[in-house]
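Q: Before I ask anything, here is the structure I am working with.
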Amino acid sequence: MHWFFWQIAPLFPAYHTISIGRHLFLLLLLSGISPGAMAGLSQNADSLLNLVKTDEVDSIELNTYSQLALEYSTANFDSALIFFEKAIAMSKASGNRYAGRKAYERLGNAFIKQQDYTRALEAYHMALNMSENEERPRAVAINMGFIGFLHFQMENYDEALRYYQDAYKLCQEGQYAGNLMRQTNNIGTVYLKREQPDSAVVYFEQGLLLANQLKHDQAISFIGVNIANCYAYLDEFDKGREVLERSLGYIQNLGDRSVLAQAFGNVGSWYQQQANGSVNEPVGQTRLFKQRLAIKYYKRAAAIHDSLKNYYLLKQWYYGLSQGYEVMKEADSALLYQKLYKSAHDSVFELEKAQLVAGLESTRKVAIQKQHIKLLQKENELRRLWQYGLILFAGLLIIIALLLYFYLRAGKRSARIEREAAKHKREQLEENLNLRNRQLTSHALQILQKNNLMEELKSDITLLRRSAGPDQSKELGQFINRLSQGLQLDQDWDKFRLYFEEVHPGFFETLNNVSGGLTTNELRHAAMVRLGMSLKESASILNVAPPSVKIARNRLKKKLNLAAAAPILCAGITTYSPLKHYGVKAGDKVGVLGMGGLGHMGIKFAKAMGAQVTLFTRSASKAEEARRQGADHVIVSTDAEQMKAAAGHFDFLLDTIPVQHDLNPYLETLRFDGVHILVGLIEPVDPALHAANLVMKRRVLAGSLIGGMAETQEVLDFCAEHDISCDIEMLDIKNINEAYSRMIAGDVKYRFVIDMATLKA
């Protein structure tokens, strides 16, 4: 499925779809102009040309050349380039940096319209350098956004993300709400393109919040579509559906039928992708339901685009309808839309052919217009030479554009081959791991079969012994003893452990670190659990009774304390990551604001890092509990005298309070260069922040969300080393409503953990 992104950037369309055929057609018309465009151009251009001819004021002439370039950029690109060059040269000669920057920005935008992203990138880099020299942060942010967009179009996603993030920081610092909204969406789009929906949705949600604040209906609708795409990646169909329907409501309110049709089509594509997500499974009711929704929205899109005569997109919706009806086994309808798709495809071909003929006809008119422009600036002989040079330049430009197109196409093909090779390698590694797991399981089952066989032999020989003579009974007894010795696990276990550790390296070491040390028997039981062995299978392999296996597993579960470790993957990493990032060390004074699920973990981590820890709380009754968690001191934040005494005392503040609160009193407790880290608040700061609390002592107000995979493993190792776990309450799933009410009331110490065994009850 082609995911629909909303690329928000100034002076450029919100989102668009251009086929390869149309792309090539545009390249062929670099020096051409349609009759309609020429008619619309002549009046404005003629007046501007007269102004250049008669006016002697340099600044006005400079701006006029820039405006002429814009007029010609859509109709006669060759002429536009001439005027851009004149504007840039004149700005350099006059030292007018502002006009020069605007000329480069307009030149870059003109190249974007031509889909010449390489030359557009050069122009915007020049504009960026000029805006930095002018010390105009808003212009710097805008140009960074454009450069990020160009890298995105060229599939340089790492570079695109870097420029988008730099623009994001500038917009935050300058409080440019509109541009900040655009950059949050841009960053989210890159993460979604890289198939990182968890990271993407964070920025999309931030962008949606800003769009609501700005009352920007179009932004609200398209960001909503992007959020739905994230849910699609996460296989959360109902959430995605809810977001899509809400976004469609906003789009309908806009009143733009073309945008609405595109939205309907994209929604149809989304539903069809959901229906096709398990194509190898039988066509069940859920899949048919999703397919019917896809057909519903495809029909709406097709109806609008049919009235607008937009055959480029119409054929896309007809194709989707034919595929949908084919899945639903409705052959007549599938055949009907297949025919309509072919008809629309033929219409596109005829339209492109007609446009090509019109473009060739317009070439003669373009030549006349070029000659008119040159006659205004030079004598007859010079104008004639310039005309020939311009024609050669246009031809060379077409050749370069075609070569660039095929070069980019080849680069995309090469990148696709590399991606497929990497995918194949990953699949091979996964297959090898699965094979080794199957071999390991087979080895365990061989032990099982051997033990079963030996037990059967013991039983048979025991029966024979009862009816045998004295001499034979003695020999049979000796044989039974040898069989019993053969059932000993040690030798088999040593071989099995070596093979197991090859397949699952570090498994036993990690268990020992978490538990403080397990016996050999406990490690055996853990290995059986890792392989998915049942109680009966494990009992036979280990030569014990099934009830003994059940008891051993329960003991192992308690010893590992998995329930208390589970919240470390959430509350643990959320508080550990900022403390580690900002370099909390032994001797630092750390204040923790609030003592809930996050706060009590923050106290434990800061204390384990060697810091002197103080809890800020509104309730004096929490003092004893705070010291039990490891806090050295407690400050009641509602006590003005205690807050005054703490002024300029702390190196770091870890703020876990999840609701709006006044940050100013807490900032005053920081030392010079102190850092206040927000991990709980994701709402606007209210009341307003007094900047003097930051500026006067170079304090930092920072934020942190969560850590990555590597850092999560790091915090698990840290907890194992320092014997840190989360304070929890085990929860029976039947009591989930009561637990929710207690959570709202703040009556939890400090995390609920659902006992998964209760789900089976």
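The values are calculated or read from the model by the stated rules, or taken from the named source; none is laboratory data. Keep in mind that this is a model prediction, so the values were computed, not measured. All Cβ positions, even for glycine, are placed from backbone atoms using ideal geometry, and neighbour counts span all protein chains on display.
Q: Just checking: which of the helices (runs of 4 or more DSSP H) contained wholly in segment 466-533 hold 3 or more residues that are closer than 24 Å to residue 713 by Cα and modelled with pLDDT of 70 or more? Reasoning before the result, please.
A: On the way: elements: 470-486, 489-503, 507-515, 520-530.
Fully inside segment 466-533 and qualifying: 489-503, 507-515, 520-530.
Q: Which numbered condition in (1) without any contact (Cβ under 8 Å) to a residue 24 or more places away in the chain; (2) farther than 25 Å from residue 247 by Cβ is the only one that residue 206 fails?
A: Result: residue 206 fails condition (2) only.
Q: Just give me the residues in segment 308-320 being free of Cβ contacts under 8 Å to residues at least 40 places away in the same chain and surrounded by fewer than 21 Cβ atoms within 10 Å (Cβ to Cβ), in sequence order.
A: Going residue by residue through segment 308-320, those that are free of Cβ contacts under 8 Å to residues at least 40 places away in the same chain are 309, 314-315, 318-319.
Answer for segment 308-320, where residues must be free of Cβ contacts under 8 Å to residues at least 40 places away in the same chain and surrounded by fewer than 21 Cβ atoms within 10 Å (Cβ to Cβ): 309, 319.
Q: Could you please find all residues in segment 730-739 being at pLDDT 80 or above and within 33 Å of the chain's Cα centre (by Cα)?
A: 733, 736, 737 - these are the residues of segment 730-739 that are at pLDDT 80 or above and within 33 Å of the chain's Cα centre (by Cα).
Q: Could you tell me which residue of segment 602-629 is modelled with the lowest pLDDT, considering only residues that are over 36 Å from the mean Cα position of the chain (by Cα), outside any helix (DSSP H, G or I) and surrounded by fewer than 17 Cβ atoms within 10 Å (Cβ to Cβ)?
A: Applying the filter and picking the extreme gives 619.
Q: Name the residue that is nearest to residue 209 (Cα to Cα), counting only residues in segment 155-192 that are charged (D, E, K, R) and touching a helix residue (DSSP H, G or I) at 6+ places or on another chain (Cβ under 6 Å). Don't jump to the end; show me each part of the working.
A: We begin by selecting, within segment 155-192, every residue charged (D, E, K, R); these are 155, 158-159, 162, 166, 169, 173, 182.
Filter once more, so that each one left must be touching a helix residue (DSSP H, G or I) at 6+ places or on another chain (Cβ under 6 Å): 159, 166.
Details: 159: 26, 166: 20 Å.
Only one residue fits best here, namely 166.
Q: In addition: So in segment 567-593, with the set limited to residues that are part of a loop (DSSP other than H, G, I, E, B) and hydrophobic (A, V, I, L, M, F, W, C), which one is farthest from residue 631 (Cα to Cα)?
A: First pass over segment 567-593, keeping only residues part of a loop (DSSP other than H, G, I, E, B): 570, 582-588.
So of that shortlist, the ones also hydrophobic (A, V, I, L, M, F, W, C) come out as 570, 584, 586.
On the way: 570: 21, 584: 15, 586: 14 Å.
Applying the filter and picking the extreme gives 570.
Q: Looking at (1) over 19 Å from residue 609 (Cα atoms); (2) within 25 Å of the chain's Cα centre (by Cα); (3) among the hydrophobic types (A, V, I, L, M, F, W, C), which one does residue 679 not meet, given that it meets all the others?
A: All conditions pass for residue 679, except number (1).
Q: While we're on this one: Search segment 293-307 for residues being aliphatic (A, V, I, L, M) and under 30 Å from the mean Cα position of the chain (by Cα), and hand back the single one that is surrounded by the fewest Cβ atoms within 10 Å (Cβ to Cβ). Step through it out loud before you land on a result.
A: Step one: filter segment 293-307 for residues aliphatic (A, V, I, L, M), giving 293-295, 301-304.
Applying the additional criterion that residues be under 30 Å from the mean Cα position of the chain (by Cα) yields 293-295, 301.
On the way: 293: 20, 294: 25, 295: 24, 301: 27.
Selected residue: 293.
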